[in-house]
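Here's the structure we're looking at; comments come further down.
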Amino acid sequence: MRHNFGAGPCILPQEVFKQASRAVVDFKDGLSILEISHRSPEFESVIEEASKLVKELLNVPSGYSVLFLQGGASMQFAMVPMNLLPEGKTAAYLETGVWANKAIKEVKYFGQANVVASSKDANFTFIPKDYTIPADSAYFHCTSNNTIYGTEMFDFPDTQVPLVCDMSSDIMSRVVDVSKFDLIYAGAQKNIGPAGLTIVIVKDEILGKTGRAIPSMLDYKQHIDNGSMYNTPPVFSIYVAMLNLNWLKSKGGVAEIEKENKAKAQALYAEIDRNPLFKGTCAVEDRSRMNVCFVMENPELEKPFLKFADENGFEGLKGHRSVGGFRASMYNALPITSVHALIDLMQTFEEKHAK
Ligand code: PLP
């Protein structure tokens, strides 16, 4: 058995992949999910169920819309300011990594970004906590989990300005109070479904205030008014998301998976801290439960450890090219048994190499 610690795209439980593959061949009366009309009652019930599951699993309050869009989280980097930032106004951004930085870069087409704090000088190994959000900011944007660096925000600021969050890599992994946020977006590929599909949860009342003309495909209101079917939706991705969210519900929902994710992260970080060969790269209080980044005290042992891991059935442990070392991504679908297997592997390696 391979243990998949890869960062994606799209790490889902095997049973979801199996169900999805069956629907490609025969979803209904011998027709594929890919060929039935997206306006058919069968597909309408798929998108309705997917939307209901997002609302139920995240406890989305009334007054919010759930959208299934395309273009990935990267499209949201531009859609957010286009829909929320009036011409010439300023939005506050927290710079916690490459994704936050890419979001900041898109703002200039619509207004100005005010970077209220950054951990760039420390290679994004912590989440800045000491900053103020100017009251006249159009919104405040943050990234809840920094996939590349392995930091996660466990506290969100109390602010009067609309709170916008890129939750691409930890949505559905832990309980969040959606009512605190005005807009949440996520590329689906970590804990929801195939890459490309993008989930947006938006408080309806914040829209339509920029005075800007917005092209239809980039306008949240158009997508709300058309039930995420302004154009042909990514039917298969939405179907897979529905299957996977049903799997999550059957596991007891987000609160239950959060317990498992905490147990997985605690076990692996404890081993990193105990094992003299390894060390974590991030501030302890900001350590991500989804992406565990670590290096070796002796960098010369990194290649042999990766080789040893590969020979023993471990996938995707190499750190992102901008950080190096290792990254163990532990999305919802990764069983805790794989984490225990990785800990055993680290201990076996220690026996061979510790002085
Ligand atoms: N934001 C975060 C936190 C991510 O982890 C990623 C991709 O992994 C992105 C944004 C970009 O997502 P996409 O590739 O769907 O545009």
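Any read-out appearing in this document is the output of simple, stated calculations on the displayed coordinates, not a laboratory observation. Remember, it's a predicted structure, so these values are computed and weren't measured experimentally. Here the Cβ is made from the backbone with ideal geometry for all residues, glycine too, and neighbour counts use every protein chain on show.
Distance between Cα centroids, the range 30-100 to the range 247-305: provide it in whole Å.
29 Å
Once you put a point 7 Å from the Cα of Tyr109 and another 7 Å from the Cα of Phe17, both along the Cβ direction, what distance in nm separates them?
3.5 nm
Could you state the per residue volume, in Å³, of the convex hull enclosing the Cα atoms of the chain?
Residue-normalised Cα hull volume stands at 132 Å³.
Could you tell me whether the range 206-258 comes out rounded, prolate or oblate from its Cα gyration tensor? Rule is a ≥ b ≥ c as square roots of the eigenvalues, rounded for a/c under 1.5, then prolate if a/b exceeds b/c, otherwise oblate. Each step should come with its number before you reach the end.
Values: a/c = 4.57, a/b = 1.96, b/c = 2.34.
It comes out oblate by the Cα gyration axes.
If you scale each eigenvalue of the Cα gyration tensor by 5 and take the root, what three semi-axes come out for the range 182-276, rounded to whole angstrom and sorted largest first?
Over the Cα atoms of the range 182-276, the semi-axes work out to 35, 18, 13 Å.
Within a Cβ distance under 11 Å of Gly252, other residues only, what is the Lys/Arg minus Asp/Glu net charge? List each step's numbers first, then the result.
Values: positive: Lys249, Lys251, Lys259; negative: Glu256, Glu258, Glu260.
Once all neighbours under 11 Å are counted, the net charge is 0.
Restricting attention to the range 8-110, which GluC sites (Glu not before Pro) occupy a DSSP loop and are surrounded by at most 15 other Cβ atoms within 10 Å?
Glu35, Glu87
If you stretched the chain out fully between Asn298 and Ser62, how much longer would it get, using 0.36 nm times the residue separation minus the C-alpha to C-alpha distance?
79.7 nm
In sequence order, what are the phi-derived ³J(HN,Hα) couplings for the range 113-122 according to the Karplus relation 6.51 cos²θ - 1.76 cosθ + 1.60 with θ = phi - 60°, rounded to whole Hz, with x for glycine and proline?
So the Karplus estimates, Gly and Pro as x, are 9, 10, 7, 6, 6, 8, 10, 4, 5, 9 Hz.
Dipole size in debye (nearest 20) for the range 138-275 around its Cα centre, Lys and Arg Cβ +1, Asp and Glu Cβ -1? List each step's numbers first, then the result.
On the way: 13 positive and 16 negative charges, 53 e Å.
Roughly 260 debye, rounded to the nearest 20.
Using a Förster distance of 25 angstrom, determine the FRET efficiency expected from the C-beta separation of Glu35 and Asn231, and round it to 0.05.
0.90
Can you give me the span-like helices of the chain, meaning DSSP H runs with 20 Å or more of Cα extent along the axis and Kyte-Doolittle mean at or above 0.5?
Qualifying helices, which must be both long enough and hydrophobic enough, are 235-250.
Which whole-number value in Å³ per residue fits the convex hull of the alpha carbons of the range 1-92?
Dividing the Cα hull volume of the range 1-92 by its residue count gives 187 Å³.
Can you give the % of DSSP beta bridges in the chain that are antiparallel, to the nearest 5?
60 percent
Of the listed pairs Lys18/Lys102; Lys259/Lys279; Lys18/Lys262; Lys190/Lys352; Lys120/Lys221; Lys105/Lys180, which have alpha-carbon separations greater than 29 Å here?
Values: Lys18/Lys102 35 Å; Lys259/Lys279 24 Å; Lys18/Lys262 27 Å; Lys190/Lys352 34 Å; Lys120/Lys221 35 Å; Lys105/Lys180 25 Å.
The pairs that break the limit, which is 29 Å between Cα atoms, are Lys18/Lys102; Lys190/Lys352; Lys120/Lys221.
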